[in-house]
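A.B. asks: Quick one: the structure is below, and I'll ask about it shortly.
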Amino acid sequence: MNVLLTVVLAVQMLSALAMIGLILVQHGKGADMGAAFGSGGSGSLFGASGSANFLSRSTGILAALFFACTLLLAYFGNTQARISSSVLEGAAVTAPVSAVPASAAVGAAQIPGTTAPVTTSTTVPVVPKPAASGAAQIPTK
């Protein structure tokens, strides 16, 4: 599978470079106006008809090849097993589960001036919150 991905990536890069070269070699639309007033142009490498047909067809073929390679790379990129490279996704909640001491005030006993009885026989476990992901990571005011 890695060999296929390497070949597709190499074909995509070569087609991109060749397409850049062909686009830079082509004449613009205004170049024909200069040829009409006698600045040459008919004595080109590709004959009197000009290079428009050959260069535009080869650019179109290279563009289609580049597009196909891009689609193949996107398809193979989605089918491979995902290995998380994010620090937030890989972090596990490793906080120890601690118990609230029995002497700590619970409920109404936290309000100063009240005399609510405090139970000393039970402890309340503190469960850590799971790590926030996605939009929950954005701080609010």
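A.B. asks: Could you check the simple spin-label distance between LEU88 and ALA64, using points 7 Å along Cα→Cβ, in nm with one decimal?
C.D. replies: Reported label-point gap for LEU88 and ALA64 is 4.4 nm.
A.B. asks: Between LYS129 and MET13, how many nm apart are label points set 7 Å from Cα along the C-beta direction?
C.D. replies: Modelled inter-label distance: 4.6 nm.
A.B. asks: Using θ = phi - 60° and the Karplus form 6.51 cos²θ - 1.76 cosθ + 1.60, what ³J(HN,Hα) does each residue of region 54-62 get, whole Hz, x for Gly and Pro?
C.D. replies: Coupling constants for region 54-62: 5, 5, 5, 5, 5, 5, x, 5, 5 Hz.
None of the figures in this text is laboratory data; all of them are computed from the coordinates on show. A quick note: this is a predicted structure, and the numbers were derived from the prediction, not measured. Note: ideal-geometry Cβ built from the backbone for every residue, glycine included; neighbour counts use all protein chains shown.
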